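To start, the structure itself, in structure tokens.
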Amino acid sequence: MITPTALFAFDTLLTEEEREIRNTVRRVCDREIRPYVAQWFEAGELPARELARTLGSVGVLGMHLDGYGCAGMGAVSYGLACLELEAADSGLRSLVSVQGSLAMYAIWKYGSEEQKQEWLPAMAAGERIGCFGLTEPDFGSDPAGMRTTAKREGGDWVLNGTKMWITNGSVSDVAVVWARTDEGVRGFLVPAGTPGFTVNDVKHKISLRASVTSELVLDGVRLPDAAMLPGARGLSGPLGCLNEARFGIVFGAMGAALDCLETAIAYAGDREVFAKPLASFQLTQEKLADMALELGKGLLLAVHLGRLKEAGALTPEQVSAGKLNNVREALEIARKCRTLLGASGITLEYPVIRHSVNLESVLTYEGTSEIHSLVLGKALTGIAAFH
Ligand SMILES: Cc1cc2nc3c(=O)[nH]c(=O)nc-3n(C[C@H](O)[C@H](O)[C@H](O)COP(=O)(O)OP(=O)(O)OC[C@H]3O[C@@H](n4cnc5c(N)ncnc54)[C@H](O)[C@@H]3O)c2cc1C
């Protein structure tokens with residue numbers, strides 16, 4: 001017997017350092033996350049502060065950024081960390097993606113020196129948490145329609161509006177908020193507790209339950225000029241951050257799929273139906289073979305995109321291709337694995353249904369599958385079909 005990753009000799013594509021990083025994150029997940037995550041999911045709670053400190057202590061927060069206490073690792077190392085985290089739960093990978101690729105990246109890329117010094121070292125250590133507020137109740141796929149405004153009043157800015165579906169919202173020390181101004185869309189750092197800034201958690205989710213999702217309400221929030229990110233002008237600012245986070249999902253989704261497939265292979269070996277192991281039936285083997293193929297192809301694509309990113313040659317269209325393919329196939333794998341587990345597949349005793357419902361969110365956030373199809377359609381035809 002060989003593992004699905006060994007079938008593709010996946011490890012031969014990785015450096016020794018990358019394998020070590022992957023193993024370190026896997027050990028942390030085995031020790032700190034896997035034993036508890038089904039309970040967190042069932043309770044709809046996450047000990048985000050403790051987890052952030054743990055993850056900060058092993059250097060995964062903002063690990064692909066340089067300086068300011070960040071680990072400065074390559075894209076493939078970061079991707080492998082996302083893979084291991086999402087093999088535990090998409091909610092954990094979401095915490096890390098939003099912290100490192102959205103909130104920290106926005107400050108690292110567009111922030112002033114003072115903003116970087118103030119926030120990045122503490123965020124890399126997991127002592128402070130960040131969130132990223134772009135989506136609004138009426139504008140998700142089309143952020144250009146945003147209604148949140150920032151108006152100059154004397155030397156200050158005053159923000160009004162509502163952001164919705166914001167990961168890490170109520171556990172954040174700082175929110176990166178994107179708002180419409182007279183000079184186009186600009187980003188602002190809104191510290192928790194600023195007068196007029198309130199955060200309400202989204203309840204009754206049946207996906208990503210081990211993740212905090214919130215509404216951010218800005219009602220006359222007054223900020224000094226120094227709270228604005230000086231380097232971001234227009235929607236290219238937030239879209240640049242989203243591209244970073246999407247890259248992590250290309251790997252992460254394959255982590256969820258791998259955990260499902262490994263669970264299903266073990267289950268099919270143990271479970272007897274019609275007096276024989278489920279794994280011995282041809283229909284079962286066809287399912288397993290098809291899933292292993294899609295998993296392997298997705299992993300190869302992820303590493304290829306990672307190497308392009310490391311060479312500074314990765315395009316947004318290529319990230320869209322990776323996100324679209326790998327999340328779609330991960331969801332298919334999770335659903336097919338669920339069938340192999342029969343009734344047991346619908347309980348939290350096994351991770352499969354949890355991954356499956358989590359991946360429904362992953363399919364939607366960071367650009368829905370439809371939007372990524374439109375990005376690829378535009379790239380292939382030269383015709384934009386968004387409007
Ligand atoms: C758990 C979770 C966490 C999230 N975390 C964050 C976060 O941290 N920060 C943040 O800013 N946002 C976050 N989001 C929001 C997420 O990015 C949006 O939900 C997503 O962009 C889709 O927007 P929407 O939900 O408004 O759907 P809509 O934009 O209303 O889309 C509805 C449907 O219409 C389709 N559609 C849209 N436009 C077109 C078109 N031109 N042609 C064909 N079909 C189209 C979409 O693909 C979708 O199927 C999160 C969402 C979830 C579920």
Inside the stretch 21-43, the number of residues satisfying the requirement of being open to solvent by 30 Å² or more (accessible area, probe 1.4 Å), out of contact with any Asp or Glu (no Cβ under 6 Å at 6 or more places or on another chain) and within 23 Å of Leu301 (Cβ to Cβ) is 1
Residue pairs qualifying under the 8 Å Cβ cut-off, at least six apart or on distinct chains, with the first in the stretch 151-172 being over 28 Å from Val362 (Cα atoms) and the second being part of a strand (DSSP E or B) and within 10 Å of the ligand (Cβ to nearest atom), are Leu159/Val177
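Residues of the stretch 349-361 being surrounded by 14 or more Cβ atoms within 10 Å (Cβ to Cβ) and more than 13 Å from the ligand (Cβ to nearest atom), which ones?
Hits for the stretch 349-361 are Tyr350, Pro351, Val352, Ile353, Arg354, His355, Ser356.
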Restricting the stretch 325-348 to residues that are of a type in the set (A, V, I, L, M) and not in a helix (DSSP H, G or I), the one farthest from the ligand (Cβ to nearest atom) turns out to be Leu341
Across the stretch 124-139, the tally of residues that are more than 16 Å from Val177 (Cβ to Cβ) and either within 16 Å of the ligand (Cβ to nearest atom) or open to solvent by less than 20 Å² (accessible area, probe 1.4 Å) (or both) stands at 3
Within the stretch 368-387, restricting to residues that are in contact with a Leu (Cβ under 8 Å, 6 or more places away or on another chain) and outside any helix (DSSP H, G or I), the one that is most open to solvent (accessible area, probe 1.4 Å) is Phe386
Asp138 passes all but one of the listed conditions (1) without any contact (Cβ under 8 Å) to a residue 24 or more places away in the chain; (2) in contact with a Pro (Cβ under 9 Å, 6 or more places away or on another chain); the exception is number (2)
Across (1) within 16 Å of the ligand (Cβ to nearest atom); (2) surrounded by fewer than 15 Cβ atoms within 10 Å (Cβ to Cβ), Gln285 clears everything bar (1)
Inside the stretch 192-211, the number of residues satisfying the requirement of being away from the ligand (no atom under 14 Å from the Cβ), free of Cβ contacts under 8 Å to residues at least 24 places away in the same chain and either touching a Phe, Trp or Tyr at 6+ places or on another chain (Cβ under 6 Å) or not aliphatic (A, V, I, L, M) (or both) is 2
Do we find a residue being among the β-branched types (Val, Ile, Thr), touching a Lys or Arg at 6+ places or on another chain (Cβ under 8 Å) and either within 15 Å of the ligand (Cβ to nearest atom) or open to solvent by less than 70 Å² (accessible area, probe 1.4 Å) (or both) anywhere in the stretch 317-324? yes
For the stretch 44-58, does any single residue satisfy the condition of being under 26 Å from Lys297 (Cα atoms), open to solvent by less than 30 Å² (accessible area, probe 1.4 Å) and out of contact with any Cys (no Cβ under 6 Å at 6 or more places or on another chain)? no
Note on Gly342: of the conditions (1) open to solvent by less than 40 Å² (accessible area, probe 1.4 Å); (2) closer than 21 Å to Leu299 by Cα, unmet is (2)
task = Kindly indicate whether Ser94 is assigned to a helix (DSSP H, G or I) and either within 16 Å of the ligand (Cβ to nearest atom) or under 23 Å from Ser236 (Cα atoms) (or both).
result = yes
Here is a check on your reading of the model: is Gly145 free of Cβ contacts under 8 Å to residues at least 24 places away in the same chain and within 15 Å of the ligand (Cβ to nearest atom)?
yes
Discussion item. Just to be sure before I move on: is Thr167 closer than 18 Å to Ala232 by Cα, surrounded by 17 or more Cβ atoms within 10 Å (Cβ to Cβ) and not acidic (Asp, Glu) in the structure I sent?
Written reply: no
Note on the stretch 362-387: residues near the ligand (Cβ under 7 Å from one of its atoms), under 29 Å from Leu92 (Cβ atoms), more than 15 Å from the chain's Cα centre (by Cα) and not charged (D, E, K, R) are Ile371
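Within the stretch 184-276, which strands (runs of 3 or more DSSP E) (wholly inside it) include 2 or more residues that are touching a helix residue (DSSP H, G or I) at 6+ places or on another chain (Cβ under 8 Å) and loosely packed, with under 15 Cβ neighbours inside 10 Å?
Per the criteria, 197-201.
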What about Tyr78, is it buried (at least 21 other Cβ atoms within 10 Å of the Cβ) and farther than 30 Å from Glu45 by Cα? no
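The values are calculated or read from the model by the stated rules, or taken from the named source; none is laboratory data. Keep in mind that what you see is a predicted model, and the values were worked out from it rather than measured. Note: ideal-geometry Cβ built from the backbone for every residue, glycine included; neighbour counts use all protein chains shown. To get the accessible areas, we keep the full protein, side chains included, count just its heavy atoms, and leave off ligands, DNA and RNA. Shrake-Rupley method; radii C 1.70, N 1.55, O 1.52, S 1.80 Å.
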